[in-house]
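Working notes, beginning with the structure itself.
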Amino acid sequence: MLACCHLTWSLLVAAGLAQAFIDFLFSIHFIKPIYVIEPFDILRAAMWVLLTGCIGYGGCVFGLVWNRLPRLASARRAREP
């Protein structure tokens with residue numbers, strides 16, 4: 001999910017629409033826009049999307065293992081004499 005958000009942001013930057021988007025978001029929240037979006041860099045964008053994707057999938061695997069631990073422990077206890 002987070003990788004998709006970062007991919008969308010990277011596409012906005014590549015299309016040249018990110019500055020207008022961020023200025024709009026700030027202005028509707030009564031914040032003076034002070035940030036400037038840098039030019040698109042494919043390597044940085046790819047690394048960021050890949051990193052967030054790996055963290056997300058790693059968290060998913062961790063959650064699956066974590067959720068199976070109580071079942072494994074209870075099954076082990078049930079087998080003990």
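Rounded to the nearest 10 degrees, the angle from helix 18-28 to the longest Cα principal axis of the chain is 90 degrees.
Mean residue ellipticity, 222 nm, helices only, the chain: the sum of -39500 (n - 2.57) across DSSP H runs of n ≥ 4, divided by residue count and rounded to 500, is -27000 deg cm²/dmol.
Expressed as a fraction of 2.2 N^0.38 Å, the C-alpha radius of gyration for the stretch 2-79 is 1.77. Separation of the stretch 48-68 and the stretch 1-18, taken as the distance between their Cα centroids, equals 21 angstrom.
Here, each number is a calculation from the coordinates, and none is a lab measurement. Predicted model only: the values in this text are computed from it and were never measured.
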